[in-house]
Amino acid sequence: MQIEMKGISKAFGKNEVLKDVNFSVHGGQVHALMGENGAGKSTLMNILTGLLKADGGQIIVDGQKVKYQNALDAEHHGISFIHQEMNNFAEMTVLENMFLNKEITNKAGLLDTKTMRKQAKEVLQRLDADVNLDAEIGTLSVGTQQMIEIAKSLMNDTQILIMDEPSAALTEKEIDRMFEIVKTLQKQGVGIIYISHRMQEIFQITDEITVMRDGLTVSNYQTQDTNVQQIVKDMVGRELDDFYPERHPNFGETRLKLTNFTQKGVFSNISFEVKAGEILAFSGLMGAGRTEIMRSLFGIDPHDSGEIEVNGKIVKISSPSDGIKNGIGFLTENRKEEGLILDATIAANIDLPSIDGFVKHGIIDQKADDDFVDMLIKRLTVKATSRNNLAGDLSGGNQQKVVLAKWVGSGSQILILDEPTRGVDVGAKREIYDLMNELTDRGVAIIMISSDLQEVIGFSDRIAVVYEGTLTGEIPTADATQEKVMTLATGGKLDE
Ligand SMILES: Nc1ncnc2c1ncn2[C@@H]1O[C@H](COP(=O)(O)OP(=O)(O)OP(=O)(O)O)[C@@H](O)[C@H]1O
Ligand SMILES: [Mg+2]
């Protein structure tokens, strides 16, 4: 199968997102689609699969011009789309989800669960995935949910598979597994369109790279003929110097101290401290309990025992408003469910924890508030036409920036950032690191949870490692290596 998209254009209101985009993919190929946050990658794929209508241009499949009216049309042609934000219904079982809108019924019109189970098992087996078909989707890890999405697409006799940032929420191990699947599918002649902001994996598994910028296709290479610098330059339109800015930390007082912090069965005896001006990275495998510790610390979840000290005073935190009152800000990893109100404007989202500061005698100082929001939008390079755009209309990476803006603007002295650069493009990553440097210069203490080992080692002062709900060690970043961190993250010990 060969698909060509030619001269595709698309505008949302006055926002011309795609001006003249050319892109093609054929069976047996892994083709990377690259571009900054908001470049239009997801939009282009929505057009290819009939979820959105292009304003102009052509889609040619095996030499024939086609018009997809809806996603089912595209599916019939063997095109499957695994979306950037998985839209699984959390309460559905795996089986229900896999056969959503494709239920098999017997002659009497009743659900033929036996056949459905058999087919589901077969396809999951092809992926070597051991999944309980009766488990509720919401109880499974993101990696497993991803696997189910892939399995689903295989049931449709897929010829072209679109994967929009499939690795963003996966563990290293799950990513390796997914790569194997990608390679197997490729051998079977499936064409794969692969969207990711992780350069390393682009060079690991793709054959061809197309880069988009400002609504145009700017370059196209065979992967073996190009390199990371070139792609970054094409994406951002300029050369980026060192990827991780230097740290010049100047530590102050201890801002936060945890002692024997415990939630039974989840994490136990967590003790650490963070100083003003410090970035403490939390590393560990997904599911190790890092996010859970932070949720309890911020007051979203309870804790059973242990002490929290903020600026030298023991405090009680049993709700997020306690957390905020004590100067803690929390950028959650799950922006779609917890971090962002999708049907509210960018401004309303950013304002949430800060609006009180703009109220004088019961009246909002709108001008000051607008300036504040605009400053943050500019500072974080959020790609939007106005502060009044709905958060839900932004690209994935730009949504992440809005959540970050919200907490940066809140003036919190202790910031917990859970995967702050997930899904964010290279240029914007750099902006976020620069901003973290500025915050720590101003005496903010930052806790950064990150699953990106390079980021942990490249941009922190100290690394705490969590394994199965306990802290297995702390390493000054200057002495850290990937091996050391991985050893602790897998329950091993460092020999001194
Ligand atoms: N439904 C919509 N209404 C209005 N604007 C939209 C809509 N969907 C997307 N856009 C805008 O189109 C642009 C391209 O968004 P798109 O999601 O395609 O970017 P992307 O390249 O996938 O970015 P990311 O890397 O962040 O996922 C953005 O400026 C976004 O705000
Ligand atoms: Mg996208």
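The values are calculated or read from the model by the stated rules, or taken from the named source; none is laboratory data. Small disclaimer: the values here were computed from a predicted structure and weren't measured. When we count neighbours, we look across all protein chains shown, and the Cβ atoms used for this are built from the backbone with ideal geometry, even at glycine. Quick note on the areas: whole protein, heavy atoms, side chains included, nothing else; ligands and nucleic acids left out. Shrake-Rupley method; radii C 1.70, N 1.55, O 1.52, S 1.80 Å.
Miscellaneous remarks
- Whichever lysines have a C-alpha closer than 17 Å to that of Lys275, once near sequence neighbours (fewer than 8 apart) are set aside: Lys257, Lys313
- Cross-link partners of Lys121 among lysines (Cα-Cα below 29 Å; sequence separation of 8 or more within a chain): Lys102, Lys107, Lys152, Lys173, Lys183, Lys187
- Descending Cα extents along the principal axes, the stretch 31-92, whole Å: 41, 30, 23
- Average accessible surface for the stretch 426-496: 40 Å² per residue, computed with a 1.4 Å probe over protein heavy atoms with every protein chain in place.
- When the GluC sites (Glu not before Pro) in the stretch 206-262 are filtered for DSSP coil states and for at most 14 other beta-carbon atoms within 10 Å of their beta-carbon, the remaining sites are Glu239, Glu246, Glu253.
- For the chain, the equivalent ellipsoid built from the Cα gyration tensor has semi-axes of 38, 28, 23 Å, listed from largest to smallest.
- Taking only alpha carbon atoms, the stretch 160-309 gives an Rg to Rh ratio of 1.11, where Rh is the Kirkwood radius.
- Mean residue ellipticity at 222 nm, helices only, the chain: -9500 deg cm²/dmol; runs of at least 4 DSSP H residues each add -39,500 (n - 2.57), and the sum is divided by the number of residues.
- Each residue of the stretch 105-120 was assigned a 3J(HN,Hα) from its phi angle through the Karplus expression (A = 6.51, B = -1.76, C = 1.60, θ = phi - 60°), giving 10, 8, 4, 7, x, 8, 4, 9, 5, 4, 5, 4, 4, 5, 5, 4 Hz with x at Gly and Pro.
- Electrostatic bookkeeping for Ser451 treats Lys and Arg as +1 and Asp and Glu as -1; over the other residues with beta carbon under 12 Å from its beta carbon, the sum is -3.
- Hz values of 3J(HN,Hα) by residue in the stretch 159-165 - Karplus curve (6.51, -1.76, 1.60), Gly and Pro given as x: 10, 10, 10, 9, 10, 9, 6
- Cross-link pairs beyond the 27 Å C-alpha cut-off, checked among Lys325/Lys493; Lys53/Lys118; Lys233/Lys383; Lys367/Lys406: Lys325/Lys493; Lys53/Lys118
- Gained length - Gln119 relative to Ser219, 0.36 nm times residue gap less alpha-carbon distance: 31.8 nm
- Theoretical FRET efficiency, 1/(1+(r/R0)^6), r = Cβ-Cβ of Thr470 and Gln58, R0 51 Å, to 0.05: 0.35
- What you get for the stretch 271-393, charging only the Cβ of Lys and Arg (+1) and of Asp and Glu (-1), is a dipole of about 280 debye around the Cα centre.
- The label-point distance for Thr490 and Thr105, in a model that sets each label 7 Å from Cα toward Cβ, rounds to 5.1 nm.
- For the stretch 196-214, backbone nitrogen atoms closer than 12 Å to the point 7 Å from Lys183 Cα along Cα-to-C-beta are found at 204-206.
- Per-selection Kirkwood Rh - the stretch 2-236 (Cα, Å, 1 d.p.): 18.6
- Positive-end extreme of charge dipole, the chain - chosen from Thr440, Ile3, Ser271 (charges on Cβ): Ile3
- Peptides ranked, highest mean first, by Cβ atoms within 10 Å: ranges 65-78, 367-380, 407-420: 407-420, 367-380, 65-78
- Sequence-ordered 3J(HN,Hα) estimates for the stretch 30-45 from the Karplus curve with 6.51, -1.76 and 1.60 and θ = phi - 60° stand at 10, 10, 7, 10, 10, x, 5, 4, x, 5, x, 4, 5, 4, 4, 6 Hz, glycine and proline given as x.
- Of all accessible heavy-atom area on the stretch 2-236, the percent that carbon and sulfur account for (1.4 Å): 45
- The stretch between Leu51 and Asn311, if pulled fully straight at 0.36 nm per residue, gains 88.5 nm over its current Cα-Cα span.
- For Leu256, the residues whose modelled amide H falls within less than 5 Å of its own, excluding neighbours fewer than 5 places apart on the same chain, are Val274, Asn311.
- Close amide H pairs (under 5 Å, H built 1.01 Å from N) link Ile192 with Gly28, Gln29, Val30, His31, Leu161, residues at least 5 positions away or on another chain.
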